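Notes to accompany the following structure.
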Amino acid sequence: MVLTYTLHRGVLVVTLHGDVMISDRATVSQQLAEVVRSYLPRAVVIELRTSVVSAAALSAVLRAHRQCGQAGMTLSAVATVASARRLLKAGTDGSGLRVFARRADAVTAAVMPAASPVAPPAAVTPPAAAAPAPA
């Protein structure tokens, strides 16, 4: 299993070439953590270059997602094959991992500031008229 990485627009893009076997999961998780610690990017994108996402690959991605979240970084995943994207989305179980079909889309989403809802201006209530003093 080969892992390569590059820094693109401040985003660390890590590519996993091939599936992660259960015997490689710990090594892959360790390599991901070391690369992230070395670069301290604003965000991380993991690109899976495989048509099948094994349980070990999913585990490594989710562990990296948790570690990045603890460090204040976002992590997204890229899978070009639709079935792999579906499995990643299903396997995240609401963890907030964003899954994309294209690397460029994931990098763009990572560098764009998150849209924050704008609260409507507070209604201004005129002060109540003073009640006449009792006579």
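Quick notes on this structure:
- Of the accessible area of the stretch 1-117, computed with a 1.4 Å probe over protein heavy atoms only, carbon and sulfur atoms account for 53 percent.
- In this structure the stretch 1-114 gives 52 Å² per residue of accessible area when probed at 1.4 Å with all protein chains present.
- Efficiency of FRET from Cβ geometry, residue 95 and residue 51, R₀ 22 Å, rounded to 0.05: 0.45
- Using 0.36 nm per residue and subtracting the Cα-Cα separation, the extra length available between residue 111 and residue 27 on full extension is 27.4 nm.
The values are calculated or read from the model by the stated rules, or taken from the named source; none is laboratory data. It should be emphasised that the depicted structure is a prediction, and the values quoted were computed from it without experimental measurement. Counting neighbours? That spans all protein chains shown, and the Cβs are built from the backbone with ideal geometry, glycine included. Quick note on the areas: whole protein, heavy atoms, side chains included, nothing else; ligands and nucleic acids left out. Shrake-Rupley method; radii C 1.70, N 1.55, O 1.52, S 1.80 Å.
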